[in-house]
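To keep things clear, I will list the structure first and then write my remarks on it.
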There are 2 protein chains.
Amino acid sequence: MNILDGKKISLDIKSEIKNCVLKNTKKGLRPPHLAAILVGNDGASLTYINSKIKSCDEVGYKSSLYHYNIKISEQELLEKIDELNSNEKIDGYIVQLPLPKHINQNKVINRISPLKDVDGFHPQNFGSMSQGFDSFIPATPHGIIELIERYEIKTSGKSCLVIGRSNIVGRPISILMSQKSKFGNATVTLAHSNTKNLIEISKSADIIISALGIPEFLKSNMVKKGVVVIDVGITRVKDLTKKKGYKIVGDVDFEGVSKKASYITPVPGGVGPMTIAMLLKNTLRARNF
Amino acid sequence: MNILDGKKISLDIKSEIKNCVLKNTKKGLRPPHLAAILVGNDGASLTYINSKIKSCDEVGYKSSLYHYNIKISEQELLEKIDELNSNEKIDGYIVQLPLPKHINQNKVINRISPLKDVDGFHPQNFGSMSQGFDSFIPATPHGIIELIERYEIKTSGKSCLVIGRSNIVGRPISILMSQKSKFGNATVTLAHSNTKNLIEISKSADIIISALGIPEFLKSNMVKKGVVVIDVGITRVKDLTKKKGYKIVGDVDFEGVSKKASYITPVPGGVGPMTIAMLLKNTLRARNF
């Protein structure tokens, strides 16, 4: 069993990005600049945003946070987006989701310039990705592909089960894994809440990517020996032995499944750290040195 | 065994569209207007375009054909597209593919206004469709969904095998069939040229949609009893007993497979006629009466 060490790989990527930034700023070019819009004070959102800003610092990016009161109107938010779209000193930006209910989330995402959409959520980028063209790819599926690539896992012709069809993970990774590319080209089955006989499918899969959000759902008796397992699940489970009062648990029963897997991502330390690394990579692409 | 009669359904749809147009023109509104750009004199392209124009006449649409010499420059073509985008009397238009090699096809498609993109090939529409939002859906997958809907075939929770991953059929139909919708919600496996053990997968599939282009590829021994089969293949096969010197053959060995299928599309007369009907439906949507 080999660990797909997302923490280590994400540090490698950050270090590569840092070197690239340094090389270019030494030439007198300005560093990449990532902006973030945050509405309200949701705890998880604040944690994510702070972690993204910290990562920008680490690699030498400039970052800006536009933090609004939860009562901001949709119109005000759209005006801010127009401003960011035309601000030539900002290369890319993200709108931290979820937004409060009085704001139409799709309208906001559609307003982001596809050229600055480093989250890859704009339909123009999502469509280009789905059609197999070069575009911004959402950070989590992008991170999964990068992990597979860095560990040189063979995917061509393999059967791949993706569990979960969300627009930020399951759907895009199911598309990417089946595309005619070196680290795709798998025969992908996309399973979801309406899927029957999931065990039958999972037992024959060479690669399983789970983005379901049910703690320790995937058990040892559901996989075959040698399977590659990518666990995207991140659920907080109450744990009073921890200082924070909870622990982070993935979709996979790591102890059992890891005994049969050839490669497996831990949680935490697997896909999670890759996500921010790929956001930084998308921002580097947007800077277009 | 029940025939999924695309010819009949397409006539029903055309008749519904015709009534809708009549109702609105009687009120003094102008009819929908579909334009088409054709470059060169490829035989198949001419046949398709003529058939589309004829269908427009049948339902009371206005149509315009812009037929250019094969030597037209990319710049001239893009200028024509800009003109069509801003022409308020044209609701939707198509650029007949393939284009000659000196013209960048993607650049052309990307220039089409997503609001007039009745072929549904623009990344903005493809992305919206992939994310599950209302948008123009490419005509062939749209026609398949419509057939399934009109025959009230149950798809939720069923296993669906899509063979072929082209951007105009396999990829979009694999996405649509797995979406959380009444006539989707299936567990979809997308197979392609690199897929191994296809027979194993096809034998367990409840629904098979084949868009491969290999005549009579899918044989009786590759399917289970009760399977629903949608045949998107249209290949010209030499046949000297026919006046034209060829016959049209699908991906499915109809004689054998139809004995086991619960529903099956014939070729011709199955998915083919649905394609133009759905182009008309997309144009009606673009007219937005």
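Only the coordinates and a few stated rules stand behind these numbers; no lab work does. Because the structure is predicted, anything quoted here is derived from the model rather than measured. Neighbour counts are summed over all protein chains in view; Cβ atoms, including those assigned to glycine, are modelled from backbone coordinates with ideal geometry.
Short-range pairs are left out: with C-alpha atoms under 8 Å and at least six residues apart, the relative contact order of chain A is 21 percent. Between B:Ser193 and A:Lys196, the distance separating the two model label sites (each 7 Å from Cα on the Cα→Cβ line) works out to 3.5 nm. The same position A:Tyr246 in the other copies lies at 6.1 nm from this copy, comparing label points 7 Å beyond Cα toward the beta-carbon, shortest first.
If you fit an axis through the alpha-carbon atoms of helix B:74-86 and take the longest principal axis of the Cα set of chain B, what angle between them do you get, 0 to 90°, nearest 10? Helix B:74-86 sits roughly 80 degrees off the main axis of chain B. Chain A comes nearest to the axis taking it onto chain B at the Cβ of one residue; that residue and its distance, in whole Å, are A:Gly127, 1.
Spin-label model, B:Glu79/A:Leu97: points 7 Å from Cα along the beta carbon direction are separated by 4.2 nm.
Here the 3J(HN,Hα) profile of segment B:8-24, calculated from phi with Karplus coefficients 6.51, -1.76 and 1.60 at θ = phi - 60°, is 4, 4, 5, 5, 4, 5, 4, 5, 4, 5, 4, 4, 5, 4, 4, 4, 7 Hz, Gly and Pro shown as x. Calculated FRET efficiency, A:Lys18 to A:Gln105, Cβ-Cβ distance, R0 = 25 Å: about 0.15 to the nearest 0.05. Sorted from closest to farthest, the other copies place their B:Phe133 label points 1.7 nm away, with each point set 7 Å from Cα along Cα→Cβ.
Each copy carries A:Phe289; placing its label point 7 Å along the C-beta direction from Cα gives inter-copy distances of 5.8 nm, listed from smallest up.
In this Cβ point-charge picture (+1 for Lys and Arg, -1 for Asp and Glu), segment B:28-128 has a dipole of about 80 debye about its Cα centre.
Net charge in the neighbourhood of A:Ile209 (other residues with Cβ under 14 Å of its Cβ; Lys, Arg +1, Asp, Glu -1) is -1. Of the beta bridges DSSP finds with both residues in the protein assembly as shown, what % are antiparallel, to the nearest 5? If we restrict to bridges inside the protein assembly as shown, about 15 percent are antiparallel. Normalised by the number of residues in segment A:28-114, the mean separation of alpha-carbon contacts (under 8 Å, six or more apart) gives a relative contact order of 41 percent. Under a 5 Å amide H cut-off, with hydrogens placed 1.01 Å from N, A:Leu218 pairs with A:Val252, A:Asp253 among residues at least 5 apart or on other chains. For A:Met1 and A:Lys242, what does the FRET efficiency come to when R0 = 22 Å and r is the distance between their Cβ atoms, rounded to the nearest 0.05? Once the sixth-power term is evaluated, E becomes 0.30. Between the alpha-carbon centers of segment B:138-155 and segment A:55-78, tell me the distance in whole angstrom. The distance from the Cα centre of segment B:138-155 to that of segment A:55-78 comes to 43 Å.
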